[in-house]
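The values are calculated or read from the model by the stated rules, or taken from the named source; none is laboratory data. Keep in mind it's a predicted model, so treat the numbers as computed, not measured. Cβ atoms come from the backbone with ideal geometry, glycine included; neighbour counts cover every protein chain shown.
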Amino acid sequence: MNRRDFLQRGGALALGATVGLSAASGQAVPPTGSRRVLRVAHLTDVHVGPANDAPGGMAAALRHAQAQEDRPELFLFGGDCIGDALGTPKAHVLEQWDIWNRVLADELKTPARMCLGNHDILGWNRRDDAELRADPHYGKALALERLGMPARYYSFDQAGWHFVVLDSMEFWHGNNQGYLARLDDEQFAWLDADLAGAAGRPVCVLSHIPILSVAAFLDGDLAGTGTWVVPGAWMHIDARRIKDRFAKHGNVKVCLSGHLHMVDDVTYLGVRYLCNGAVCGGWWKGKWQDFGPTYALLDFYADGTVGRTMVDYRGE
Ligand SMILES: [Zn+2]
């Protein structure tokens, strides 16, 4: 396999095939001969709550990632941290956040950054609940507080890379879900300026909902009408203007997401879009379609490439 084939096939799978690395070992070898500058664990869609031993599963994932011989230096939590807040009474939402905060306090020993998920948003799918709409925690406020986030979208620099964390969810009732996967105009303008400010550095974008995904076509049965129609709650409805803005700046190398509980790897116009499964798999009831509970180990290289290893942390 030559280098070009390798890059086309993409990081971890080809790497494992050529040098015999297992997903569990997670040993990092540069895919391109470049210097590795950062190792990250991306844990998304934990969906913790009191049922199905989700707290134990969340703790197991954190322990597994932190027991890696080649230990990640940063955790990125990709959103949908709790089971659901969109359509759930507040008392039960608070119970879920208490579990999240307790497991993190007990287990997390690695610097971490957080991203909002749709299920972290309080009450957007409880339109008739006037009391909840008047609550200061309504919407994204409670999640921002519990996750200790500086803002619903933000950026930071680490190891020569620039990281952008987006808020995928725009309030919308055109469907029955309460949100649309779209960057509001204020955030889009911020993203444009932020990418301009990161000129010359490789950029990693973290969003909860995929900007581009092939798994989105298979998440549900979309083929019945004879037309592929991917709902705007599954994949960013504004993917076109986002990819155009990425092309204008030319520094975005990789985009990480979750939401679908499925794993894919799409390269489009020089940007690699990685959907990295779910820590909870099928909501703590085994697999979702072909994908069991998992997290991703990501190796960031100085030349702007990334290697990915999906980890079966339960050994199932
Ligand atoms: Zn989600």
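Data table
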| quantity | calculated |
| --- | --- |
| Pair list, Cβ under 9 Å, 6 or more apart: segment 44-69 residue on the phi > 0 side of the Ramachandran plot and hydrophobic (A, V, I, L, M, F, W, C), other residue part of a helix (DSSP H, G or I) and within 16 Å of the ligand (Cβ to nearest atom) | none |
| Yes/no for I211 being more than 29 Å from D303 (Cα to Cα) and in contact (Cβ under 8 Å) with a residue 12 or more places away in the chain | no |
| Verdict on V279 being touching a helix residue (DSSP H, G or I) at 6+ places or on another chain (Cβ under 6 Å), modelled with pLDDT of 95 or more and surrounded by fewer than 23 Cβ atoms within 10 Å (Cβ to Cβ) | no |
| Lone qualifier among G117, G87, G78, G123 - being surrounded by 20 or more Cβ atoms within 10 Å (Cβ to Cβ) and more than 14 Å from the chain's Cα centre (by Cα) | G123 |
| Subset of segment 245-269 [within 16 Å of the ligand (Cβ to nearest atom) and either surrounded by fewer than 16 Cβ atoms within 10 Å (Cβ to Cβ) or among the hydrophobic types (A, V, I, L, M, F, W, C) (or both)] | C255, L256, L260, M262, V263 |
| Cβ-Cβ under 8 Å pairs, at least 6 apart or on other chains, segment 107-120 side free of Cβ contacts under 8 Å to residues at least 40 places away in the same chain, far side away from the ligand (no atom under 16 Å from the Cβ) and part of a strand (DSSP E or B) | P111/L74; P111/F75; A112/L74; A112/F75 |
| Residue among T267, T227 that is farther than 24 Å from F75 by Cα and among the polar types (S, T, N, Q) | T227 |
| Verdict on N125 being within 16 Å of the ligand (Cβ to nearest atom), touching a residue at least 60 places away in the same chain (Cβ under 8 Å) and either of a type in the set (D, E) or under 24 Å from H236 (Cβ atoms) (or both) | no |
| 2 or more residues within 16 Å of the ligand (Cβ to nearest atom) and at pLDDT 95 or above: qualifying strands (runs of 3 or more DSSP E) within segment 30-114 | 36-43, 74-77 |
